[in-house]
Amino acid sequence: MKILITTSPGLEQELQKELLELCGKTASFRPQGPLELEVDINELCLILAGSFLASRVLYPVAEFHAWEEEVLFKEIYAIDWQNFFDKSYKGMDTFRIDAHGRTGGCDYTVQQALLKSKDALVDKLRDQWGERPDVDKENPSQHIEMFFSDGKVEVSLDLSKEPLHRRGYRAQLIGEAPLRESRAACMVRMSEALLTMPAKIYDPFCGGGTILIEAAMMLRKIPPALLRAVPNWKFIPGLADSYRKTVADLKARALPSSPIPLLGSDISKGALIRSRAAAERVGVKTDIILEHKSFQDQEIGEGVMISNPPFGERLGDELDAQLLLSEIGKKAKFKTQLSSMTLLLPTEYETAAGLRPTRKLRWKAGPLALSAVKYDLRR
Ligand SMILES: C[S@@+](CC[C@H](N)C(=O)[O-])C[C@H]1O[C@@H](n2cnc3c(N)ncnc32)[C@H](O)[C@@H]1O
């Protein structure tokens, strides 16, 4: 079957590499869209259970051309929604549709297409079942993604339901700036710690611990979907069983402890408490040593540093980003034996640490332009 795999913008190339490692297949890029891959059920389960970088796995249900709103309505109405929706379990499914792309040359906008498509879906199920599904923008049980490329329309069902980067190990935080799990995982991959096995991994601004938890899971080969619900789609026979088997096989191959010590520190006691709780939920608490210390006081020896230091706009004015980054650069260069440092920082500060980036990935987090930058420190 053909699937589409989405990730946070900027992570596509790393996701392509990860998919190759997982399934031995090269997913193809689509302009400004998800990656596309032909998979069997085992490969689908490997991606759902084992991808650290994917956000969603989509199953295309229709592809057509619609220049007019009326044609769009008819095509969406023609889809066999009853195959995908459920009205038996806890009542009728709820749904949300998200749309992306451009509708150049069409007699509708993306926003109008969304409304029209919602009407067509609701009409179809009401005509068939006598009941209509409700829209739930926050917590729908069905999530539909539409991609518009001028007259071309693709409609997909989200097989992952909740985004895959929501691993489920951390509590919901209000007003904090935790790093998205898939981005933290991407930084770990960029550091090459999984290949080079450095003496230690440090995160001296560890906050809720996302980077170290992702690193511990990756080093121990713990499936990132460990705490997630089992996907169960009746139109993919055997999916739930196959998925359970995949997770069990992955768990059986996981290492009992991390081959590399992971060291986290932070000036916030609250963040360290949350870090510990999150690490415990996913079973990596004993792999991560946490200390209540400032970066300035933390001793950093051999190994690599992967970190997401504070910068004004995200966490209030804790420190001036420019000054902090130059302090980090000097310490890394002259007072540690680090072989590399991978930082997440605002794009305009890529060289503020006074070091030359050896690799960088740029991405957006809301209105912020961020860069994940690796600095090689081997002298
Ligand atoms: C952007 S947050 C890190 C978020 C973390 N990656 C996560 O996913 O939760 C930056 C952290 O740096 C900490 N911090 C600020 N100044 C510090 C300093 N001088 N030394 C150590 N930690 C500091 C803050 O308490 C905050 O938890």
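Couple of notes before you dig in:
- Any hit, segment 311-328, residues being within 16 Å of the ligand (Cβ to nearest atom) and among the basic types (Lys, Arg): yes
- Cβ separations smaller than 7 Å between residues 6+ apart or across chains give the following pairs from segment 104-115 residues that are over 12 Å from ALA66 (Cβ atoms) to residues that are surrounded by 15 or more Cβ atoms within 10 Å (Cβ to Cβ) and of a type in the set (Ser, Thr, Tyr): THR109/THR103; VAL110/THR103.
- Qualifying residue in segment 58-68 (condition: crowded, with 22+ Cβ neighbours inside 10 Å and under 30 Å from LYS17 (Cβ atoms)): yes
- For first residues located in segment 231-246 and among the β-branched types (Val, Ile, Thr), partners that are surrounded by fewer than 19 Cβ atoms within 10 Å (Cβ to Cβ) and assigned to a helix (DSSP H, G or I) and lie 6+ apart or on another chain with Cβ distances below 8 Å form the pairs ILE236/ILE41; THR246/ASN42.
- Any hit, segment 339-349, residues being touching a Leu at 6+ places or on another chain (Cβ under 8 Å), over 15 Å from LYS374 (Cβ atoms) and more than 9 Å from the ligand (Cβ to nearest atom): yes
- Evaluation of GLU280 against (1) within 24 Å of the chain's Cα centre (by Cα); (2) in contact (Cβ under 8 Å) with a residue 24 or more places away in the chain (one fails), failing number: (2)
- Residue within segment 298-305 that is over 26 Å from the mean Cα position of the chain (by Cα), assigned by TED's automatic domain parsing to the domain that holds ILE273 and within 11 Å of the ligand (Cβ to nearest atom) present: yes
- Counting only strands (runs of 3 or more DSSP E) that sit completely within segment 78-197, zero hold 2 or more residues that are at positive phi, exposed (fewer than 15 other Cβ atoms within 10 Å of the Cβ) and away from the ligand (no atom under 16 Å from the Cβ).
- Those residues of segment 246-268 which are among the polar types (S, T, N, Q) and away from the ligand (no atom under 16 Å from the Cβ), in sequence order: THR246, SER257, SER258
- Looking only at residues of segment 337-364 that are modelled with pLDDT under 95 and among the β-branched types (Val, Ile, Thr), we find that the one that is farthest from GLY10 (Cα to Cα) is THR351.
- Filtered residue count, segment 1-40, keeping only those that are under 22 Å from PRO237 (Cβ atoms), in contact with a Leu (Cβ under 8 Å, 6 or more places away or on another chain) and surrounded by 14 or more Cβ atoms within 10 Å (Cβ to Cβ): 5
- Complete set of residues in segment 7-18 that are within 17 Å of LEU46 (Cβ to Cβ), out of contact with any helix residue (DSSP H, G or I) (no Cβ under 7 Å at 6 or more places or on another chain) and either of a type outside the set (Lys, Arg) or at pLDDT below 95 (or both): LEU15, GLN16, GLU18
- Take the conditions (1) under 24 Å from GLN298 (Cα atoms); (2) more than 18 Å from the chain's Cα centre (by Cα); (3) not in a loop (DSSP other than H, G, I, E, B); SER258 misses just one of them, which is (3).
- Some residue of segment 202-225 being away from the ligand (no atom under 16 Å from the Cβ), under 30 Å from PHE85 (Cβ atoms) and crowded, with 23+ Cβ neighbours inside 10 Å: yes
- Output for segment 286-306, where each listed residue is closer than 14 Å to ILE267 by Cα and of a type in the set (Gly, Ala, Ser): SER294
- Qualifying residue in segment 315-323 (condition: at pLDDT 95 or above and either assigned to a strand (DSSP E or B) or within 27 Å of the chain's Cα centre (by Cα) (or both)): no
- Qualifying residue in segment 29-39 (condition: outside any helix (DSSP H, G or I), polar (S, T, N, Q), touching a Pro at 6+ places or on another chain (Cβ under 8 Å) and under 15 Å from GLU145 (Cβ atoms)): no
- Extreme residue, surrounded by the fewest Cβ atoms within 10 Å (Cβ to Cβ), among residues of segment 41-57 that are part of a loop (DSSP other than H, G, I, E, B) and of a type in the set (Gly, Ala, Ser): SER55
- Members of segment 335-371 that are of a type in the set (Asp, Glu) and crowded, with 18+ Cβ neighbours inside 10 Å: GLU350
- A search for C-beta distances below 8 Å between a residue of segment 19-42 that is modelled with pLDDT of 95 or more and among the polar types (S, T, N, Q) and any residue that is loosely packed, with under 14 Cβ neighbours inside 10 Å and part of a helix (DSSP H, G or I), counting only pairs 6+ apart in sequence or on different chains, returns THR26/LEU20.
The values are calculated or read from the model by the stated rules, or taken from the named source; none is laboratory data. Small disclaimer: the values here were computed from a predicted structure and weren't measured. No Cβ is skipped: glycine too gets one built from the backbone with ideal geometry, and neighbour counts run over all protein chains shown.
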